[in-house]
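Some notes on the structure that comes next.
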Amino acid sequence: MMGRIKLKTILPLEMELLLNKAHELVLSSEDIKIYSHIDCDGISSGAVLSSMLDSLNKEHEIEFISLDKIDDLELNHELTIFSDLGSGQHVDNLSSSLSNILILDHHPSVRSKNFNKTKVSGNFLEVNPNFFGVDGSTEICGGGLCYLLARTFGYSDLSWLGVLAGVGDMQNTHTGKFFGLNKFILQESVNLGQVKAFNDLSIYGRQTRPLFIALSFFGDFPLPTTNNKKECILLLEELGINIKDGDYYRTLSDLTQDEKQKLFSELLKMLSKEVPRKYVKHIPKLILGESYEFLHEEPYTVLRDASEFSSAINACSRNNNADVAFRILKGNRSDALDEMELLSKNHRQYLAQKIGSFEDDVDKIKHMSNLQYFVDYNIRSEVIGTIASMVLSYADWRKPILAFTPVNNENDTLKVSLRCSRLLSYEGIHFGNIIKEVSRKVGGNGGGHSVACGAYIPPNKQDEFLHILNLTLNDKLNI
Ligand SMILES: [Mn+2]
């Protein structure tokens, strides 16, 4: 299925040398602290590093943090590792002669490759793929980098975590599959029999959601089936696809190849009707993609499918329980799993309740010429992006949607999340880069992916931010 890749053909030599230095630094340290990002990629990164250090019998502590906490850290361990964060921050300012610093991050760095380390006390090692022409948004994520380090110690069995991290970080979103170093890591986990990779319909909920429900959430823009389970049941009946098998509702993973083919053709027809002709060529990318199954996990659980697994991890982290996800990633399949189920259930209920308010009142969404937005101070900032994605299905898919909510009760910072249909990005627009520029202009900071990104801005700058963004998008949105 996959063309074989040799690591040495895709891993730049300089990066390999840096990883070897990182290897030495870890080996020579006895007292280690890890700070990792509090999202799926960051928690997976932490799980890789912690498992690696366990195997090496190295004392270590781990903490999952958000980016705004970094400036206030005090480093007092022999070695401090920053994973999935650190590059975008001036952690070099935190250095002290007591602590060496290792950064394993794939985000754009505030430093250059040839950063002058003379002002830094102690060792300072930054492993960042972007320094070496490897794209940190599509070719490797934080978890992947941590895996490459673990691999230098021979721990190939952690490769599945690199796959999960990549999915969680949306590294495969644009093309529907992994390539570069991500593909290499995938290949290793496939060879070990940990992961099965296959092309499939990209309908979320492959293992755990009844198909007719999964289908009702499908689509980058509203379809007759969107948020309409009755229509979904009718559609499946028309296609001759049974909804149930005995007493059980069938999931996408139960469908035969023939049934999937029928559903694919139907979705292709439905979606193509909804978009301007020049976008029709992109439609298959919205319906099909590579999917990843963890073969050591039970079928019909959220752990079996990589995108369901990463959502469950996000449900933990967004409810301040990164530790639960971390324990599961390190192998706990008992109490942590129960906790995750409960968190996921509460998370879904919370989302449903918040979305309900948009069903009742579509006027909550305000429209400008090139964008649409809503402000809801009752939505927790950790989930505002998730809600924005869901609200997009009630809004105009031709424009991005933005959502505003305060970061905390002090009301000193406003969080903005932006989401849009992938179709917009296929024509070359990258909202992560745009929001970075615009937020900077109003004294904030931001960034992210082409179709999912965000920013933090001063609370009194909302209107100015919207105005500048709207202007910036003139001539860019030509859908
Ligand atoms: Mn990441």
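The values are calculated or read from the model by the stated rules, or taken from the named source; none is laboratory data. All figures in this text were calculated on a predicted structure; none of them were measured in a lab. Every residue, glycine as well, gets a Cβ built from its backbone with ideal geometry; the counts of neighbours run over all protein chains shown.
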Cβ pairs under 6 Å, 6+ apart or interchain, first in the range 158-175 and at positive phi, second assigned to a loop (DSSP other than H, G, I, E, B), ordered by first then second residue, are Met170/His449
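Any residue at all in the range 176-192 that's part of a loop (DSSP other than H, G, I, E, B) and among the polar types (S, T, N, Q)?
No, the conditions are met nowhere in the range 176-192.
Do we find a residue being assigned to a loop (DSSP other than H, G, I, E, B), under 26 Å from Gly428 (Cα atoms) and in contact (Cβ under 8 Å) with a residue 12 or more places away in the chain anywhere in the range 203-214?
Step one: list which residues in the range 203-214 are assigned to a loop (DSSP other than H, G, I, E, B), which gives 203-210.
In the following step, the residues that additionally are under 26 Å from Gly428 (Cα atoms) were identified as 203-204.
Narrowing the set further to residues that are in contact (Cβ under 8 Å) with a residue 12 or more places away in the chain leaves 203-204.
There is at least one residue in the range 203-214 that is assigned to a loop (DSSP other than H, G, I, E, B), under 26 Å from Gly428 (Cα atoms) and in contact (Cβ under 8 Å) with a residue 12 or more places away in the chain.
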How many residues of the range 28-80 are at pLDDT 95 or above, part of a helix (DSSP H, G or I) and within 13 Å of the ligand (Cβ to nearest atom)? The answer is 8
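Considering each of His430, His467, His449 in turn, give the residue that is of a type outside the set (Gly, Ala, Ser), under 18 Å from Met170 (Cα atoms) and free of Cβ contacts under 8 Å to residues at least 24 places away in the same chain. Before the answer, list the steps.
Working: His467 fails: under 18 Å from Met170 (Cα atoms); His449 fails: free of Cβ contacts under 8 Å to residues at least 24 places away in the same chain.
Of His430, His467, His449, the one residue that is of a type outside the set (Gly, Ala, Ser), under 18 Å from Met170 (Cα atoms) and free of Cβ contacts under 8 Å to residues at least 24 places away in the same chain is His430.
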Here the qualifying pairs (Cβ atoms under 8 Å; residues six or more apart or on different chains; first in the range 94-121 and farther than 20 Å from Glu24 by Cα; second within 16 Å of the ligand (Cβ to nearest atom) and assigned to a strand (DSSP E or B)) come out as His107/Gly447; Pro108/Gly447; Ser109/Glu126; Arg111/Glu126; Phe115/Glu126
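Are any of the residues in the range 441-449 within 20 Å of Ser369 (Cα to Cα) and surrounded by 22 or more Cβ atoms within 10 Å (Cβ to Cβ)? Please lay out each step first, then the result.
Keep residues of the range 441-449 that are within 20 Å of Ser369 (Cα to Cα), which gives none.
The answer is no, given that none of the residues of the range 441-449 is within 20 Å of Ser369 (Cα to Cα) and surrounded by 22 or more Cβ atoms within 10 Å (Cβ to Cβ).
Return the residue satisfying two criteria in turn: it lies in the range 367-401 and is in contact with a strand residue (DSSP E or B) (Cβ under 7 Å, 6 or more places away or on another chain) and β-branched (Val, Ile, Thr), and of such residues it is surrounded by the fewest Cβ atoms within 10 Å (Cβ to Cβ). Write out each step before concluding.
The first filter runs over the range 367-401 and keeps only residues in contact with a strand residue (DSSP E or B) (Cβ under 7 Å, 6 or more places away or on another chain), leaving 371-377, 379, 381, 384-385, 387-389, 391-392, 395-396, 399-401.
Now restrict to residues that are β-branched (Val, Ile, Thr): 375, 379, 384, 387, 391, 401.
Values: Val375: 15, Ile379: 23, Ile384: 24, Ile387: 24, Val391: 24, Ile401: 25.
Looking at the filtered set, the residue picked out is Val375.
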Residue in the range 110-118 that is in the same structural domain as Val48 (by TED's automatic domain parsing) and closer than 22 Å to Leu49 by Cα present
no
From the option list Gly180, Gly168, single residue qualifying as within 16 Å of the ligand (Cβ to nearest atom), outside the structural domain of Glu266 (by TED's automatic domain parsing), buried (at least 20 other Cβ atoms within 10 Å of the Cβ) and not β-branched (Val, Ile, Thr) is Gly168
Considering the range 215-252, residues that are over 30 Å from Arg419 (Cα atoms) and hydroxyl-bearing (Ser, Thr, Tyr), and then whichever is nearest to the chain's Cα centre (by Cα), we arrive at Tyr249
Thr152 fails exactly one of (1) touching a Phe, Trp or Tyr at 6+ places or on another chain (Cβ under 9 Å); (2) more than 17 Å from Leu329 (Cβ to Cβ), namely (1)
So, first residue exposed (fewer than 15 other Cβ atoms within 10 Å of the Cβ) in the range 402-415, second residue not in a loop (DSSP other than H, G, I, E, B), Cβ within less than 9 Å, six or more apart or across chains; the pairs are Asn408/Ser381; Asn411/Pro459; Asp412/Pro406; Asp412/Pro459
Checked Thr173, Thr226, Thr152, Thr208 against criteria (within 16 Å of the ligand (Cβ to nearest atom) and not basic (Lys, Arg)); the one match is Thr173
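So which of Glu237, Glu274 ends up being free of Cβ contacts under 8 Å to residues at least 12 places away in the same chain, outside the structural domain of Ser421 (by TED's automatic domain parsing) and surrounded by fewer than 20 Cβ atoms within 10 Å (Cβ to Cβ)?
Details: Glu274 fails: free of Cβ contacts under 8 Å to residues at least 12 places away in the same chain.
That would be Glu237, the only listed residue that is free of Cβ contacts under 8 Å to residues at least 12 places away in the same chain, outside the structural domain of Ser421 (by TED's automatic domain parsing) and surrounded by fewer than 20 Cβ atoms within 10 Å (Cβ to Cβ).
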